[in-house]
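Peer 1: Please read through the structure below; I'll follow up with questions.
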Amino acid sequence: MLTLLGVLVLIALVWWLVHGRASEERGNRRPTATVGIAVAQAGSIPITLEALGTVTPLATVTVRPQVSGNIVDIAFKEGQTVAKGQVLLSIDPRPFQLALQQAQGSLVRDQAQLRVAQLTLQRYQTLLKQDSIARQDVDTQAATVRQLAGVVATDEAAVGTAKLNLDYSQVKAPIAGRVGLRVVDLGNYVTSGDAAGVAVIAAVTPIDVEFTAPQDDLPRIQARLAQGDAPAVTVLDRTRTQVLGQGQFLTLDNVIDPTTGTVKAKARFGNADARLFPSQFVNVRVLLDTLNNAIVVPSAALRTGPKGDFVYVVGADRKASLRTVKRGPASGDSVSIAQGLRAGEKVVISGGDQLTDGATVRLPEDAAAGSGKGGGAGDAASAKPRGERKAGGRSGAQ
């Protein structure tokens, strides 16, 4: 019985030595990883400021009538672009025409009275020289002339007011811009005190975009503005895929918000195609500077570890070496490497999650070449005994 037990223990030990070590070796052997690579290149990378902005018209005016009356004509359409001074609507002009005629009549009457008084004064002055009239009568007539001159001046002002009211019966656009939705209809009675007015006009060509800039970027922006070189500004839609306009940086606010550490800024756009709409939320990209002769790689190549930023550099021997680098400015899907990398070196951009320093890698072209040559069949054949591979070869020859 003891002999049989000893034999079983010996068999188990031999099995573990053979199969256990083989399994351990297979577990320690890591398969070669296929990685994607990119070549580090020398180029230019823009230094930009990204921000959220709001489209703001240069002016928004609520057009209010200056006189009261019934609307007899509306000369604009909703959403129409109007010019400065263009007639928007007309108020019944008849009351103002009659008021003008009345003022003109009073002016003519008083002008005639003034002329008579002036002629009488001239006669009195002649008689005074002949000592044929009392000076008191001359002085009284002179005062009458001055009084009538004042009446004529008042009548002239009344005529001017009547003409102005008649002109106000045609409501005109005070600025050029786009008219909003109509708030009055034909036949409505309007007054000069209407809060809603008769129309709202927004100046949209050109148009501004307001956004905030970090206070750390102020020195660079101010230096360019002082040189007369305003930074270029690009406005994109909500998804950052479509450019809505190209413009120039305009100005900065005069105070920094202490709660956010930012300052309000404004850029101006021509907006000839009217793609920027008042109060629209947009993405703003300000070109602060351009970094020339920089080493540029895809952002996917740059990784961060306990010791900082690093990349995997693939050499001619297909081995990946870990290289510590210093990150520079980034733009979009590219990032510049300020230190630790040279132009022309190959870096890993995909498949590097399981890599270690010195690991052997497989490039996509290697996998494609192996597949094109029937690499799978070759691997299977290599697993066969030598005699079977030769036999297969003679059979192929036949």
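The values are calculated or read from the model by the stated rules, or taken from the named source; none is laboratory data. Small disclaimer: the values here were computed from a predicted structure and weren't measured. Because the Cβ atoms are built from the backbone with ideal geometry, glycine has one as well, and the counts that use them run over all protein chains shown. Just so you know, the surface numbers come from the protein's heavy atoms only, side chains and all, with ligands and any DNA or RNA stripped out. Shrake-Rupley method; radii C 1.70, N 1.55, O 1.52, S 1.80 Å.
Peer 1: Give the residues of the stretch 171-191 that are over 32 Å from the mean Cα position of the chain (by Cα) and not in a strand (DSSP E or B), sorted by residue number.
Peer 2: Selection gives 184, 185, 186, 187, 188, 191.
Peer 1: While we're here: Of all residues being under 27 Å from residue 159 (Cβ atoms) and small (Gly, Ala, Ser) in the stretch 59-74, which is most open to solvent (accessible area, probe 1.4 Å)? Just the residue, please.
Peer 2: Restricting to residues being under 27 Å from residue 159 (Cβ atoms) and small (Gly, Ala, Ser), the top hit is 68.
Peer 1: Going through the stretch 77-97 one residue at a time, which ones are in contact (Cβ under 8 Å) with a residue 24 or more places away in the chain, charged (D, E, K, R) and open to solvent by 60 Å² or more (accessible area, probe 1.4 Å)?
Peer 2: 77, 78, 84
Peer 1: Test residue 260 against the criterion of being under 17 Å from the mean Cα position of the chain (by Cα) and outside any strand (DSSP E or B), and give yes or no.
Peer 2: no
Peer 1: Could you go through the stretch 200-215 and let me know if any residue there is open to solvent by less than 30 Å² (accessible area, probe 1.4 Å), in a strand (DSSP E or B) and farther than 29 Å from residue 64 by Cβ.
Peer 2: Yes, because at least one residue in the stretch 200-215 is open to solvent by less than 30 Å² (accessible area, probe 1.4 Å), in a strand (DSSP E or B) and farther than 29 Å from residue 64 by Cβ.
Peer 1: Do any strands (runs of 3 or more DSSP E) lying entirely in the stretch 267-376 carry at least 3 residues that are more than 40 Å from the chain's Cα centre (by Cα), and which ones are they?
Peer 2: Result: 319-324, 359-362.
Peer 1: What are the residues in the stretch 10-55 that are among the acidic types (Asp, Glu) and at pLDDT 60 or above, if any?
Peer 2: Listed by number, the list holds a single entry, 50.
Peer 1: For the stretch 322-355, which residues satisfy the criterion of being among the polar types (S, T, N, Q), loosely packed, with under 14 Cβ neighbours inside 10 Å and touching a residue at least 24 places away in the same chain (Cβ under 8 Å)?
Peer 2: Of everything in the stretch 322-355, just one residue is among the polar types (S, T, N, Q), loosely packed, with under 14 Cβ neighbours inside 10 Å and touching a residue at least 24 places away in the same chain (Cβ under 8 Å), namely 354.
Peer 1: I'd like to verify a number: residues in the stretch 145-200 that are β-branched (Val, Ile, Thr) and within 30 Å of residue 120 (Cα to Cα), how many?
Peer 2: Residues in the stretch 145-200 being β-branched (Val, Ile, Thr) and within 30 Å of residue 120 (Cα to Cα): 5 in total.
Peer 1: Now a separate question. Please verify whether the stretch 179-187 includes one or more residues that are within 30 Å of residue 264 (Cα to Cα) and touching a residue at least 12 places away in the same chain (Cβ under 8 Å).
Peer 2: For the stretch 179-187, residues within 30 Å of residue 264 (Cα to Cα) and touching a residue at least 12 places away in the same chain (Cβ under 8 Å): present.
Peer 1: On the basis of being crowded, with 16+ Cβ neighbours inside 10 Å and within 30 Å of residue 286 (Cα to Cα), does residue 53 make the cut?
Peer 2: So residue 53 fits the description; yes.
Peer 1: Take the residues of the stretch 233-252 that are farther than 20 Å from residue 278 by Cβ and open to solvent by 70 Å² or more (accessible area, probe 1.4 Å): which is nearest to the chain's Cα centre (by Cα)?
Peer 2: 240
Peer 1: Continuing with the same structure: Of everything in the stretch 228-246, what is part of a loop (DSSP other than H, G, I, E, B), of a type outside the set (Lys, Arg) and in contact (Cβ under 8 Å) with a residue 40 or more places away in the chain? Give them in sequence order.
Peer 2: Of everything in the stretch 228-246, those that are part of a loop (DSSP other than H, G, I, E, B), of a type outside the set (Lys, Arg) and in contact (Cβ under 8 Å) with a residue 40 or more places away in the chain turn out to be 231, 237.
Peer 1: Only one of these conditions is not met by residue 296: (1) surrounded by 15 or more Cβ atoms within 10 Å (Cβ to Cβ); (2) free of Cβ contacts under 8 Å to residues at least 24 places away in the same chain. Which number is it?
Peer 2: Against the list (1) surrounded by 15 or more Cβ atoms within 10 Å (Cβ to Cβ); (2) free of Cβ contacts under 8 Å to residues at least 24 places away in the same chain, residue 296 comes up short only on (2).
Peer 1: Sticking with this structure for a sec: Open to solvent by 60 Å² or more (accessible area, probe 1.4 Å), part of a helix (DSSP H, G or I) and either in contact with a Leu (Cβ under 8 Å, 6 or more places away or on another chain) or of a type in the set (A, V, I, L, M) (or both): which single residue out of 100, 127, 107 fits that description?
Peer 2: 127
Peer 1: Taking only the stretch 263-293 into account, find how many residues are open to solvent by 30 Å² or more (accessible area, probe 1.4 Å) and farther than 30 Å from residue 341 by Cβ.
Peer 2: 13
Peer 1: Given (1) under 25 Å from residue 161 (Cα atoms); (2) touching a strand residue (DSSP E or B) at 6+ places or on another chain (Cβ under 9 Å); (3) of a type in the set (Lys, Arg), where does residue 109 come up short, assuming only one miss?
Peer 2: Against the list (1) under 25 Å from residue 161 (Cα atoms); (2) touching a strand residue (DSSP E or B) at 6+ places or on another chain (Cβ under 9 Å); (3) of a type in the set (Lys, Arg), residue 109 comes up short only on (2).
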